[in-house]
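Quick notes on the structure that follows.
Where a number appears in this text, it was derived from the coordinates with a stated rule and is not lab data. Quick caveat, the model's predicted, so the values are computed rather than measured. Positions of Cβ are generated from backbone atoms using ideal geometry, with glycine treated the same way; all protein chains shown enter the neighbour counts.
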Amino acid sequence: MTIETVGVVGAGQMGNGIAHVFALSGYGVTLMDVAPESLERAMATITKNLDRQVSREKISAEAKDAALARIGTTLDIAQLGQCDLVIEAATERESVKQSIFDSLLPHLKPETILATNTSSISITRLASRTDRPEKFLGVHFMNPVPVMQLVELIRGIATDEATYKALLAVIETLGKTAASAEDFPAFIVNRVLVPMINEAVYTLYEGVGNVKSIDMALKLGANHPMGPLELADFIGLDTCLAIMNVLHDGLADTKYRPCPLLTKYVEAGWLGRKTGRGFYDYRGETPVPTR
């Protein structure tokens, strides 16, 4: 399975990062989104991040220009049909992902590999609703994609060995490391990380500490680079809640119940950095705790 061209569905935070690393590694990339302004923002973000890599002497100016030249954008999902690999990187809702695959399938080559960047949803279930479950797998990049070294590689129950090995090789060409995970709710990273964040929200909810003290305690007491509430804002509180719901529904264990305060923040539309408010308020010069 030779992979030379890659389609990415979704031009948000994860999608533009995935397009960035593939283009920089020599792949032809087609980035698709339903909103023209999302594609414009994505290309501006990719350019800015490549410029940062040039300024830090991680890559040359020539490599930056070549990477940008390898990325095309489109509003038409049919344009991804001839790609060797298509990665879905849309919002973390199964109905949205399923709709994308339904729209994509009629246009694909028989040999195209399908992948999803889901952080928690069943790969087996998503794959079963396509025409190629043996050529379907999870490729979960960490955020921010250009910086983080890990990619979780998740086989569904039907994923064949050739597809798995092809993606292992691709991840290596990106200069990243694959961690193979079994297809159970939230895989490895988020199975451990997001319940920790949820517990930090419970600690806030129960008044054990305030936002500042909880984040300081984990940064200085556990040597974490970011506090759990700061990290939740970075990930997106809606994403954290969605992952907790997947864990709670998929494992039927009350220890995974989402904290009511996390639900309340999401209901308020306070989703973290992307909306300007979450556990911190980002609308001023410096972030200010909201509790």
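Among the aspartates and glutamates, select those whose C-alpha is under 15 Å from the C-alpha of Lys64, and discard any that sit fewer than 8 residues away in the same chain. Those aspartates and glutamates meeting the cut-off are Asp51.
My understanding is that a pair violates if its Cα-Cα distance is over 29 Å; which of Lys135/Lys176; Lys97/Lys274; Lys176/Lys212 do that in this structure?
On the way: Lys135/Lys176 21 Å; Lys97/Lys274 21 Å; Lys176/Lys212 34 Å.
Distance filter (> 29 Å) returns Lys176/Lys212.
Within segment 5-155, the ratio Rg/Rh, alpha carbon atoms throughout and Rh by Kirkwood, equals 0.96.
Over all other residues within a Cβ to Cβ distance under 15 Å of Gly269, the charged ones net out to +1, with Lys and Arg as +1 and Asp and Glu as -1. The distance linking segment 44-67 with segment 147-173 is 26 Å (Cα centroid to Cα centroid, whole angstrom). Taking all pairs of distinct Cα atoms, average 1/r, flip it, and tell me the Kirkwood hydrodynamic radius of segment 149-254 in Å to one decimal place. For segment 149-254, inverting the mean 1/r across all distinct Cα pairs yields 15.7 Å. Average 1/r across all pairs of distinct alpha carbons in segment 182-230, invert it, and you get the Kirkwood radius: 11.4 Å. Each of the peptides 249-262, 31-44 was scored by the mean count of other Cβ atoms within 10 Å over its residues; in descending order, highest first, they stand as 31-44, 249-262. With Rh defined as the Kirkwood radius, the inverse of the mean 1/r over Cα pairs, the Rg/Rh of segment 75-121 is 0.95.
As a check on your grasp of the helix formula, calculate [θ] at 222 nm for the chain: sum -39500 (n - 2.57) over DSSP H runs of n ≥ 4, divide by the residue count, round to the nearest 500. Before the final figure, lay out the partial values.
Details: 11 runs with 131 residues, N = 291.
Mean residue ellipticity at 222 nm (helix-derived): -14000 deg cm²/dmol.
When every alpha-carbon pair in the chain is counted, what percent end up more than 34 Å apart? Roughly 22 percent, rounded to a whole number.
The Cβ shell under 13 Å around Thr91 holds other residues with a net charge of -2, Lys and Arg each +1, Asp and Glu each -1.
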